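Nothing in this text is a laboratory measurement; each read-out follows from the coordinates by a stated rule. It should be emphasised that the depicted structure is a prediction, and the values quoted were computed from it without experimental measurement. Heads up, the Cβs are rebuilt from the backbone with ideal geometry, glycines too, and the neighbour counts pull from every protein chain shown.
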Amino acid sequence: MTLTVRVDNSPQPGASAAGGRTGRRDAIYPHRSVRVLPLSLVRVWCGVALAVVITVLSVIYAVPLMELHSRAAAVLAGWAGLPVRGWSPISVFPGLEPASGPVLAIPAFREVSDGARLLLILSIVGLLIVAQRFSLFRNVANFLIVLLAASAVANAVFDSFRLESVTFGQIWLRQEMLVWLLLPWVLLLLFVFPQPSLLRGLLWVTFLQAYGFLFSAVRMVFMLGVLHYTGLIFMPPLWFLLGTLSDLLFVLFFYSLSIHRSSGELWGVRNSWQSHF
Amino acid sequence: MAVTLLTAVSYAVIAFAVAFLLLYALRHYVLGYSRLRIDRPRDSMELAGFYMPRVTVLIPMHNEERVAGDILQALVDSDYDWEKLEVIPINDRSTDRTREIVNDFAKRYPFIQPLHRAGGQAGKPAALVDACTHATGEILVLFDADYVPGRAVIKMLVAPFADPEVGASMGRVVPHNIGESLLSGLLSLERSAGYQGVQQSRFNLGFTAQFGGTVGAVRAAALESVGGWNPESLTEDTDLTFALLLNGWKTAYVNRAECYEEVPQSWAVRRRQLSRWVTGHTECLHNYWPDLMRSKFLTKWEKLDALFLLAMYWTAPTLVAGWAASLLLFFIPEAHQTPWLPAALAFLGYQLFANQATFLEIGVASMLDGTRVRSLLLPLNLLNFFANTGAICNALRKFYWNRFWGSGGDGWYKTHRTRGAPGNGFFNGSKDSSLTTRSATGLYHARAHGD
């Protein structure tokens, strides 16, 4: 019988991705306890440069950016058949030229249709069922019930409580403007610095910044629609779900995809003999 | 006037919440990046097998018939010199077949010396106090009964004790029931971040690793020097970590010493586990923070790190207070006129919901571990986060209520085990043994199933 031994000295995927430094013993599959992924200066400079460029552009072109956002929202509102009566100038931040806010009728609590009140009851019942049946969702569901109940009570008791659509647009743009300023830095920390491919990281940042901008317009129009048809009842839970939480969620969603890909290509596929513990 | 006051108070609460949570976010980023770029993770693997003092393995057990056989078999298969090994399964008033299983092993292997407790205080800390009076080892190694140590884990855990300043060592906990439920999958990501990320990073930065009470070892002399286990504590491990720290002992982290555990598969079990950790941890915060601040052994960074660790459960009520303040402001129309409201809302939202930094840690650990499929669960960790927030707030409420009114808190209780039925354990071909197989050479091999 002949025993053949084949020695494979080709570099491991992890070694090249990590600049040839994977802790100890580059030649074989590195155990996870000693794996590292050093941060190169090139990566830092490229990432920071992109974040600075996006931030500076967002500040310089803040007004046109918000105007573009309003136009995108207007197109979406048209597609959705929302009866927007027009766009009124709003002051988003002191010192900035005004942007446009949507003019849309928002009914007071006593003016909302019975359908909206029924939807409120159904929402609370639905959330109660979720809280009862899915323990992991219980706290979120309970929190949303509290928000709905608080909103219903506040609307019913304080009849004077109103939120004009223009004011809503103003608050929304203020919030999102801050998000757009913060986003490149958060993306930098999640997608560029810690991941193996610099180019892909930079593309992620650019893509997600644009995505965040459009996603904001979509959410704003959706909330305007809810405001128009149901008044302010659903605003607190919707603001909770579709406000900055949504911004975080879409970042996390794409982050998990990028981690999924990086994990697969960094250390290669392990053989059974490499996995003993 | 009242509205103005309410508005001012709400802004103050939000400002505090943002500042407090920002500090924690900063800590997460520092630890995450620090772990990623460690040029050579601190470990003692070169010494594993060369430094082999006499060791006593302590395994507290209470009704562990489902798992007792597995851990004892794993220890029998350990490559540690039997002449220097003593295993004490502590049968703490079990009413099932635990006694029988333990005695069966003891008959076959002389280094297994069971301790059957019939009375005294219940719970793991009290059982450990009893067992220590029987232990003869220079180093005490601890495992919970549901853990399955690999062959070399004892050698690895003992290696750091070659340094006479090391008082304790801690290994890495890896869940094996990751595919049993959504919660166990999410918790496995959390564990990964906690050990592969935070523990290794803190150890490398020169901070004390946290002794976890299982997959850990403690020098008998060090334990004696700090007065032994605290039988009153719900988290005797955290208590010991800080007692050792204050007395000048180091706790080493051994990332390579991996041991498999069963994480909770249902939220009810998880909530109780979390509640015990929160209570014990916060108790340690109140017991140790004045001494920590006064300690002459510790640098200001070590003090800061220790405070961060002890106060970490305070982030949950802080966040909830911030949410409540935001909700109040939403219903105050006057507050809508100032641009600071959305700023506050945005920052709080960013802070929390959360702390993308914690997700960075999970991502870093997943990448280093080569976790592919489970990394897709990352966004769902928000659910875990919300669930944890509620459970932590509730546990803290109970803790302070009991502290204020002097009533007794929750007692120690054992985390529910879900591994197979008796005789259907880890190595016996049950569906739960899907993670490993034992080869003819005695090595445990991970099965090729991606994550």
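Some observations on this one:
- Equivalent ellipsoid semi-axes - Cα gyration tensor, chain A, angstrom: 49, 26, 14
- Per-residue extension of 0.36 nm, minus the Cα-Cα distance of B:Ala122 and B:Val3, leaves a gain of 37.6 nm for this segment.
- In a reduced charge model with +1 at each Lys and Arg Cβ and -1 at each Asp and Glu Cβ, the range B:45-282 shows a dipole moment near 300 debye about its Cα centre.
- Per-residue Cβ neighbour counts within 10 Å put B:Met1, B:Met156, A:Met220 in the sequence B:Met1, A:Met220, B:Met156, beginning with the fewest.
- Normalised contact order of chain A, rounded percent, pairs of Cα under 8 Å and 6 or more residues apart: 26
- Rounded to the nearest whole angstrom, the semi-axes of the ellipsoid equivalent to the range A:108-161, taken from the Cα gyration tensor as √(5λ), stand at 25, 13, 5, largest first.
- Neighbour-count ranking [beta-carbon atoms within 10 angstrom, fewest first] of A:Val153, B:Val76: A:Val153, B:Val76
- Debye-formula intensities of the range B:45-282, expressed as log10 I(q)/I(0) at q = 0.13 Å⁻¹, are -0.76 (one equal scatterer per alpha-carbon, no solvent).
- The distance from the alpha carbon centre of the range B:233-311 to that of the range A:119-165 is 38 Å, rounded to a whole number.
- For the range A:71-225: span of alpha carbons on each principal axis (Å, largest first): 54, 46, 31
- Of A:Arg110, A:Arg71, A:Arg133, the one that fluctuates the most in a GNM where chain A has Cα springs shorter than 10 Å: A:Arg133
- The range B:45-282: relative contact order in percent, alpha carbon pairs under 8 Å with at least 6 residues between: 24
- Dipole moment magnitude, nearest 20 debye, the protein assembly as shown about Cα centre, only Lys, Arg, Asp, Glu C-beta charged: 640
- Projected onto planes of every orientation and averaged, the convex hull of the alpha-carbon atoms in the range B:1-141 covers 15.5 nm².
- Top of A:Ile129, A:Ile145, A:Ile171 by mean-square fluctuation, Gaussian network on chain A, Cα under 10 Å: A:Ile129
- Calculated translational diffusion coefficient of the range A:33-112 (10 °C, 1.306 mPa s; Stokes-Einstein with Kirkwood radius over alpha-carbon pairs) equals 96 µm²/s.
- Where N is the number of residues in the protein assembly as shown, Cα Rg divided by 2.2 N^0.38 Å: 1.04
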